[in-house]
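Colleague: One structure follows; several queries about it will come next.
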Amino acid sequence: MDEWGAPLVSPFFKKTDMKKLLLLLLLAIYALNSIGQDVDFSLYEEKVYINENGDRMDYRILYPEAYDKSKKYPLVLFLHGAGERGSDNRKQLTHGGKLFLKPENRSKFPAIVVFPQCPEDDYWIDISVRKKLYDKEDLDFSEVNAPPSKQMSLLIELHQSILTNEAVDEKRQYVIGLSMGGFGTFDLISRNPKKFAAAIPICGGGNVTITKKYAKHTSLWITHGALDDIVPVLYSQRVYDALKKNGADVKYTEFPNANHNAWDPTFAIPDLLPWLFSKSK
């Protein structure tokens, strides 16, 4: 009883507030169910590549359904951005991992998909280039023609190991990369111009002076956000222009309302994977 002799009733038990409480409970149940239905990244097997010097690279690999080593499958390498670096062998699946798990994509495009992970304090390309990028210098990335970074060297070794040990159709090898991985994509195909049938560099940049090395060998679809305040869109535009001058099979898509996150609209392009998997040496 309160001081007036009326029963004490919690406001939560008023009719209007009971509706609010029920709504909150329903939202909580929905959230729990959503968590339970999250993408099963366990389909990407956890593996580690270790070379003869003891250097290691963590990676995840997704095999085609009913993988048959007597057959040959396309290979997709996916290079993550700086935010997904680490040693958990999981974060690298954050962007792009879901794309290849979609049932329709697994059915239409059976492939071996590999997501290597770059350690926390390393990069796919030389760190000095990244520093200059953050200093807002106007870059042509000519120094990327220097010897590969340690992680790029390990990536190239890992790539060769997969070619040796898995059922890869060597005429249908592809690479996709975003942000730091976009830079890594341009770098990788310039060092292995005859291996990759196609590449999709997203919000990255590359050495415009060496585009002729891969212009006639690798088809490219370059994408970037017009409002990108991390990696200026100019860096993709320059590579595209240089590739066109060198006679490349190249497409360029610029998203007018996108900032640095150009990967989500890229992954939403209906023709993206059909285009990728149509390319062959």
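Colleague: Give me a count of the residues in the range 69-86 that are of a type outside the set (S, T, N, Q) and more than 18 Å from Asn105 (Cα to Cα). Give the steps one after another, and end with the answer.
Modeller: First, pick out the residues of the range 69-86 that are of a type outside the set (S, T, N, Q): 69, 71-86.
Within this subset, residues satisfying the condition of being more than 18 Å from Asn105 (Cα to Cα) are 69, 71, 79-86.
The total comes to 10.
Colleague: Suppose we keep only residues that are assigned to a helix (DSSP H, G or I) and among the small types (Gly, Ala, Ser) within the range 236-281. Which one would you say is farthest from Glu104 (Cα to Cα)?
Modeller: Ala242
Colleague: Determine which single condition Val208 fails, assuming it passes every other condition in (1) under 20 Å from Pro74 (Cα atoms); (2) touching a Lys or Arg at 6+ places or on another chain (Cβ under 8 Å).
Modeller: (1)
Colleague: Here is a further query. For the range 180-203, what are the residues that are at pLDDT 95 or above and either outside any helix (DSSP H, G or I) or not assigned by TED's automatic domain parsing to the domain that holds Gln160 (or both)?
Modeller: Passing the criteria: Lys195, Phe196, Ala197, Ala198, Ala199, Ile200, Pro201, Ile202, Cys203.
Colleague: If you scan the range 218-241, which residues turn out to be surrounded by fewer than 22 Cβ atoms within 10 Å (Cβ to Cβ), under 20 Å from Leu272 (Cβ atoms) and of a type in the set (A, V, I, L, M, F, W, C)?
Modeller: Hits for the range 218-241 are Ala226, Val233.
Colleague: Within the range 225-233, identify whether any single residue is in a strand (DSSP E or B) and over 23 Å from Cys118 (Cα atoms), and answer yes or no.
Modeller: Taking the range 225-233 and keeping what is in a strand (DSSP E or B), we get 225.
Within this subset, residues satisfying the condition of being over 23 Å from Cys118 (Cα atoms) are 225.
Yes.
Colleague: If you take the residues in the range 71-127 that are of a type in the set (Gly, Ala, Ser) and touching a Pro at 6+ places or on another chain (Cβ under 9 Å), which one is surrounded by the fewest Cβ atoms within 10 Å (Cβ to Cβ)? Break it down into steps so the answer makes sense when it comes.
Modeller: Of the range 71-127, the ones of a type in the set (Gly, Ala, Ser) are 81-83, 86-87, 96-97, 107, 111.
From what's left, touching a Pro at 6+ places or on another chain (Cβ under 9 Å): 86-87, 111.
Details: Gly86: 15, Ser87: 12, Ala111: 22.
Applying the filter and picking the extreme gives Ser87.
The values are calculated or read from the model by the stated rules, or taken from the named source; none is laboratory data. Everything numeric here is computed off the predicted structure, so don't read it as measured data. Here Cβ is always computed from backbone atoms with ideal geometry, including for glycine, and neighbour counts include all displayed protein chains.
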